[in-house]
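Take a look at the structure set out below.
Taken together, the values in this text are just the output of simple stated rules run on the coordinates, not laboratory data. Note that the coordinates shown come from a computational prediction; the quantities given were computed from them, not determined experimentally. All Cβ positions, glycine included, derive from the backbone under ideal geometry; neighbour counts span all protein chains shown.
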Amino acid sequence: MTVISDLVAALTSEKVLTDPDVTDSYARDRTFLEPGRPLAVVLAETRDDVVTTLRWATGHRVPVVPRGAGTGLAGGATSVEGGVVLALHRMTAIRELSPADEIAVVEPGVITADLDRAAREHGLMYAPDPSSYEISTIGGNLATNAGGLRCVKYGVTRDSTLGLEVVLADGRVMNTGRRTMKGVTGYDLTGLFVGSEGTLGVITAATVRLHRAPSVYPATVAAEFTSLGDAAAAASAVIAAGCRPSLLEMLDRTTLKAIDDWRNIGLEDSTRAMLIAQSDAADGPAVAERMAELCTANGSPFVAVSSSAQEAQELIGVRRMAYQAMERLGKCLVEDVCVPRSALPYMIEKIEAVAARHDVLIATAAHAGDGNLHPVFIFDHGLAEPPPSVWTAADEVFREALEVGGTLTGEHGVGLLKRRWLSLEAGPVTEEIQRGIKRVFDPLGILNPGKAI
Ligand SMILES: Cc1cc2nc3c(=O)[nH]c(=O)nc-3n(C[C@H](O)[C@H](O)[C@H](O)COP(=O)(O)OP(=O)(O)OC[C@H]3O[C@@H](n4cnc5c(N)ncnc54)[C@H](O)[C@@H]3O)c2cc1C
């Protein structure tokens, strides 16, 4: 424990927690994974606290697991035995918000939706909006390159990131990128750090891009379908027609049933899928009517189009309830494959076939406009981890996604959960180069060891 007393002496006991009952609540993310016991949790309030922690960790060779809000779904923030959890949720300053340059400089603990709300006071918005945007942090979003509902139009977190302030493993502070809209000086270290899951350095600030906020609430369409295939075909038709939706989401029957059992949304027996689309364009209501027509043309027996902001929010509210509704059914292995958009109907069919073949309950929600599917494998609450049938089914889904030119993870990251499939996608040369990059930034291997690569 003398190791920890050095850290306490440098940071004070208010910022270094060691009581196991308390540290345990910082050791997990939203997966079922059992964490290793941390030596301590550091509650960082400033960049200097992060510098002090990393210098100490390098000096004592102690692993460090950066943590935002712990909403991750891949095990990235799961603590490591004998390591330190570096919690960043107290670093919540918005250091700057410039309407003239349409940028903000924010600390990692800012809640995603809080940044969006701050931007809206100036007629701007922060576009990346993971479904968890009311509970996740910008630091976690950056480290996982989070997606969200609006990324079909505005791109993922990386597309909104211009520059970063990062503390390296040995405590040095590095600034990457820029605050301009363009710039090609040197290698793109900002792009490298976004999505690096806390394995290369700790992000202590980010310069992010803001967009003009739409002046009215996006016009919203919710269409019911009697088959998932029809819903997927309608999603493809909406894209092909050039509607440029600002959101295009799909829910399957199992997901809808879970939401209906919880919140009674009046689900019809014949409904097998729902497509929810929005347009935030100036002619949004006309685009919404066009998207509704395309849904009808692709077999939807019932389409609702919002006529007010409140109705629009109610329609999209169904999508935002999905994950909590599924969690009521059992423990969840939330998967995240992303396939070329054209392969979406095929992939959905395959997931349904895999569920039937292995008798596994799979609820699928998809960011249909991005080809990003979340098949959620649901298993008994009483089990510590998924039974073999779930892993076999997940393995088949991953292989199918790769077969059609897709990827293992569209937005949640590799974390711990997907490492065993990595070599199928990356191949030996890419893996070797990635390990080399890791060695450059973290020669002692103390930053979030065992994750991501
Ligand atoms: C209900 C629900 C809905 C979700 N919907 C979406 C969605 O639509 N899209 C999506 O992409 N994800 C979604 N997620 C997953 C999760 O919210 C995102 O991965 C989010 O980006 C994690 O943020 P966090 O602050 O909770 O990070 P954490 O879970 O604490 O950490 C995630 C990873 O980032 C690293 N990290 C955190 N902060 C830093 C930092 N400052 N510097 C370096 N590394 C850091 C951690 O070590 C870990 O590897 C959802 C999760 C839930 C529970």
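Just a few scattered comments:
- Here's the picture: a label point sits 7 Å out from the Cα of T180 along the beta-carbon direction, and within region 140-168 the residues with their amide nitrogen under 15 Å of it are 162-163.
- Extension gain, E268-A237: 0.36 nm per intervening residue step, less the Cα-Cα distance, totals 8.7 nm.
- In this simple spin-label approximation, R419 and T296 carry label points 7 Å from Cα along the Cα→Cβ vector, and these lie 5.4 nm apart.
- Each Lys and Arg contributes +1 and each Asp and Glu -1, all at the Cβ; summed about the Cα centre of the chain, the dipole is approximately 1020 debye.
- When +1 charges are put on Lys and Arg Cβ atoms and -1 charges on Asp and Glu Cβ atoms, the dipole computed for region 323-439 relative to its Cα centre reaches about 360 debye.
- Helical content alone sets the calculated 222 nm signal of the chain at -10500 deg cm²/dmol, taking -39,500 (n - 2.57) per DSSP H segment of four or more residues and averaging over every residue.
- Between the listed residues Y323, L417, I351, the Cα displaced farthest toward the positive end of the dipole of the chain, a dipole computed from Cβ unit charges relative to the Cα centre, is found at L417.
- Cβ crowding within 10 Å, taken as a proxy for footprinting-reagent exposure, orders V334, V166, V173 from fewest neighbours to most as V173, V334, V166.
- Considering only region 38-135, percent of DSSP beta bridges that pair antiparallel, nearest 5: 35
- Cα gyration tensor category, rounded, prolate or oblate, for region 2-87 with a/c compared to 1.5: prolate
- In terms of other Cβ atoms within 10 Å, H381, H358 run from fewest to most in the order H381, H358.
- Degrees separating the helix 47-60 axis from the principal Cα axis of the chain, which is the longest one: 60
- Axis of helix 388-403 versus longest Cα principal axis of the chain: the two differ by about 80°, to the nearest ten degrees.
- Once the Cα atoms are used to define both axes, helix 428-441 deviates from the longest principal axis of the chain by about 40 degrees.
- Interchain or long-range residues, amide H under 5 Å from F302's placed H: E224
- Neighbourhood charge, 13 Å Cβ-Cβ cut-off, centred on S13 and excluding it, Lys, Arg +1 and Asp, Glu -1: -2
- Proportion of all alpha-carbon pairs of the chain beyond 41 Å (%): 17
- A viscosity of 0.692 mPa s and a temperature of 37 °C, combined with the Kirkwood radius over Cα pairs in Stokes-Einstein, give a translational diffusion coefficient for region 191-329 of 199 µm²/s.
- Region 295-352 shape via C-alpha gyration tensor axes, a/c threshold 1.5: oblate
- Nonlocal amide H pairs with V376, under 5 Å, H built at 1.01 Å: E335, A363, T364, A365
- Counting other Cβ atoms within 10 Å as a rough exposure proxy, the listed residues V360, V376, V84 run V360, V376, V84 from fewest neighbours to most.
- 3J(HN,Hα) from dihedral phi, region 247-257, Karplus parametrisation 6.51/-1.76/1.60, rounded to Hz, x for glycine, proline: 6, 8, 10, 10, 10, 8, 4, 4, 5, 4, 5
- Under the convention that each Lys and Arg Cβ holds +1 and each Asp and Glu Cβ holds -1, the size of the dipole of region 94-212 around its Cα centre is about 340 debye.
- Of all lysines in the structure, the ones whose alpha carbon falls short of 18 Å from that of K451, not counting any fewer than 8 places away in one chain, are K418, K438.
- In summary, the lysines within cross-link reach of K257, defined as a Cα separation below 23 angstrom excluding same-chain residues under 8 places away, comprise K331, K350.
- If you take the Cα centroid of region 319-348 and the Cα centroid of region 254-286, the two points sit 15 Å apart.
- When the chain is described by a simple charge dipole with +1 on each Lys and Arg Cβ and -1 on each Asp and Glu Cβ, the residue from G382, G406, C243 located farthest towards its positive end is G406.
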